Amino acid sequence: MTREVYFLPSEGSGVRHRFETLSNVKAFADHFAYRVYFLWGVSNGVAFCRFEELFLPIPGVTVINVFCEQARKFQYAIKHNLVIRYNGRILRIFNLGAKPTNMMFVFNLDASALNRLVPSFARPRTPVRAVPVVDVQTEAKKIIAEHLRTAKQEARDIAADEKDDAKGNR
């Protein structure tokens with residue numbers, strides 16, 4: 001039987017939190033032979049961007065974009081300890097101290113509890129990395145370069161003003 005773990009970070013979480021938590025889920029999944037489904041919340045935490053608009057695929061992880069309404073339904077089910085039905089599957093909610101099941105749903109920080117089930121020698125030395133798509137890298141480099149130019153010009157302007165003040169030209 002196929003073993004699957006579906007993972008959803010909290011709605012407003014940013015990239016760093018999402019990937020830290022994904023690293024915990026992936027360590028568990030790799031050690032215990034689960035397939036990983038990363039439910040990427042298209043929310044304010046990531047400027048309402050879909051995963052593929054920001055990052056390259058992650059080996060061994062299937063990413064599924066979910067929008068706020070769907071994410072809130074998952075959160076409601078978790079809060080009320082309901083069974084989650086998703087993509088024709090019945091998923092049991094994993095909570096701290098629970099025994100993992102073959103088909104389970106993990107929300108946010110409970111992912112660290114999964115990681116603790118992995119023996120320390122089997123945990124990866126490096127976390128899952130977020131590799132930006134080329135368009136994002138190119139745009140980021142342009143913005144950084146412009147910021148550096150602006151900062152240098154501002155520093156020159158301040159130095160010139162201070163020099164004028166020292167001469168008493170003001």
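The values are calculated or read from the model by the stated rules, or taken from the named source; none is laboratory data. The shown structure was predicted, so the numbers you read here are calculated from the model rather than taken from an experiment. Cβ atoms come from the backbone with ideal geometry, glycine included; neighbour counts cover every protein chain shown.
Here are some notes:
- Each residue in the stretch 38-55 was checked for being assigned to a helix (DSSP H, G or I) and of a type in the set (A, V, I, L, M, F, W, C), and 3 of them qualify.
Conditions (1) among the acidic types (D, E); (2) surrounded by 13 or more Cβ atoms within 10 Å (Cβ to Cβ); (3) touching a Cys at 6+ places or on another chain (Cβ under 9 Å), marked per residue:
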{"residue": "V5", "(1), (2), (3)": "no, yes, no"}
{"residue": "A33", "(1), (2), (3)": "no, no, no"}
{"residue": "V42", "(1), (2), (3)": "no, yes, yes"}
{"residue": "E69", "(1), (2), (3)": "yes, no, no"}
{"residue": "F74", "(1), (2), (3)": "no, yes, no"}
{"residue": "I78", "(1), (2), (3)": "no, yes, no"}
{"residue": "N87", "(1), (2), (3)": "no, no, no"}
{"residue": "L96", "(1), (2), (3)": "no, no, no"}
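- Taken over the stretch 1-37, the criterion of being part of a strand (DSSP E or B) and touching a helix residue (DSSP H, G or I) at 6+ places or on another chain (Cβ under 6 Å) is satisfied by V5, F7, L8, V36.
- Qualifying residue in the stretch 103-121 (condition: modelled with pLDDT of 85 or more, of a type in the set (A, V, I, L, M, F, W, C) and over 22 Å from V5 (Cβ atoms)): no
Listed here are the residues, each with its yes/no results for (1) hydroxyl-bearing (S, T, Y); (2) closer than 17 Å to T62 by Cα; (3) out of contact with any Leu (no Cβ under 6 Å at 6 or more places or on another chain).
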residue: I84; (1), (2), (3): no, no, no
residue: I93; (1), (2), (3): no, no, yes
residue: L96; (1), (2), (3): no, no, yes
residue: P100; (1), (2), (3): no, no, yes
residue: M103; (1), (2), (3): no, yes, no
residue: S112; (1), (2), (3): yes, no, yes
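- Condition check for I58: assigned to a loop (DSSP other than H, G, I, E, B), surrounded by 17 or more Cβ atoms within 10 Å (Cβ to Cβ) and at pLDDT 85 or above: yes
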